[in-house]
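Quick notes on the structure that follows.
Every number here is computed from the coordinates shown, using simple stated rules; none is lab data. Only a predicted model underlies this, so the values are computations on that prediction, with no experimental measurement involved. No Cβ is skipped: glycine too gets one built from the backbone with ideal geometry, and neighbour counts run over all protein chains shown.
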Amino acid sequence: MTYVAEARPRRETIPAKRRLTPLELRLAESRASRARADSLVRSLLNKRNETIAAALADKVSLSAISTVVGIRAADVKRLGGAYRDHHYPGAEPAVHLARLAAIVRQMDEALEHKESCLRRLRGDALKGLQSGLMDVFRIAALTSLPAERVRELIRPATGPRPGSGPRSTR
C-alpha cells in the first residue's frame, strides 16, 4: 500500500497583537520606575539605620544624630538598638555625622524622584481617562496597581468628597 498525501488545511492566521500606544507604554513603564524608586528608598533606609547604629556604638550623642537625620532621639535609639550584634570599628563623630548627612541627602533625592514618578503616573492616568481610550481597570492592569489605588491616585486632593464625612443626625 502506498501513502497518498492529502492536502492539509491551512493554519489560521493569528492576528497580530495590538501595539501599545505611547501613553500605555508610559503607564506600563511606570511600574518599573516605581519599583526602582521604592527599592532605592528601602536600601537607603537600611544604610541610614546601620550608620546610626555605628555612630551610637562609637559614642556619638543622640542629639547630634537626631539633628542630622531629622528624627526624634527616641527613634534614633530604637533604630540603633536593632543592630547591636554588628561590630563597628571606632571612628570620629564627625565622620559618622558626615556619612549620615550624605545618606539623608541621597534619601531626600530618592524621595523626590519617587514623588515625581507618582506625579507622572497621576498625570498619565488622568490623560488616559480624559481621552476615553482607557478606563480605571485598563490603567490598573498596565500599572500593576489595584483599581482602588488608581481611583485614590486620580482623586483630587481638595478635601473630603461630598457624602464621605460622618453622617449628621437631626
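Rounded if a/c is under 1.5, else prolate if a/b is larger than b/c, else oblate: which is the chain, with a ≥ b ≥ c the root eigenvalues of its Cα gyration tensor?
Working: a/c = 3.44, a/b = 1.73, b/c = 1.99.
Oblate, since a/c reaches 1.5 and b/c is not below a/b.
Each other residue within a Cβ distance under 12 Å of LEU20 adds +1 if Lys or Arg and -1 if Asp or Glu, for a net charge of +3. Here is what passes the span test in the chain: the DSSP H helices with alpha carbon length of 15 Å or more along the helix axis and a Kyte-Doolittle mean of -1.0 or above are 22-57, 93-131.
Computed from the C-beta positions of ARG78 and ARG36 and an R0 of 22 Å, the FRET efficiency is 0.15 to the nearest 0.05. Applying 0.36 nm per residue to the separation of ARG18 and ASP135 and subtracting their alpha-carbon distance, the gain on full extension is 40.4 nm. For the pair GLU148 and LEU111, the difference between a 0.36 nm per residue extended length and the Cα-Cα distance amounts to 11.0 nm. Projecting label points 7 angstrom from Cα along Cα→Cβ for GLU92 and ARG119 puts them 3.9 nm apart.
Here the Gaussian network model covers the chain, with springs between Cα atoms less than 10 Å apart; of PRO89, PRO146, PRO15, PRO15 fluctuates the most. Neighbours of ALA55 by Cβ distance under 15 Å: Lys/Arg scored +1, Asp/Glu scored -1, total +3. If you count Lys pairs in region 22-150 whose Cα atoms are under 23 Å apart, skipping same-chain pairs closer than 8 places in sequence, the total is 5.
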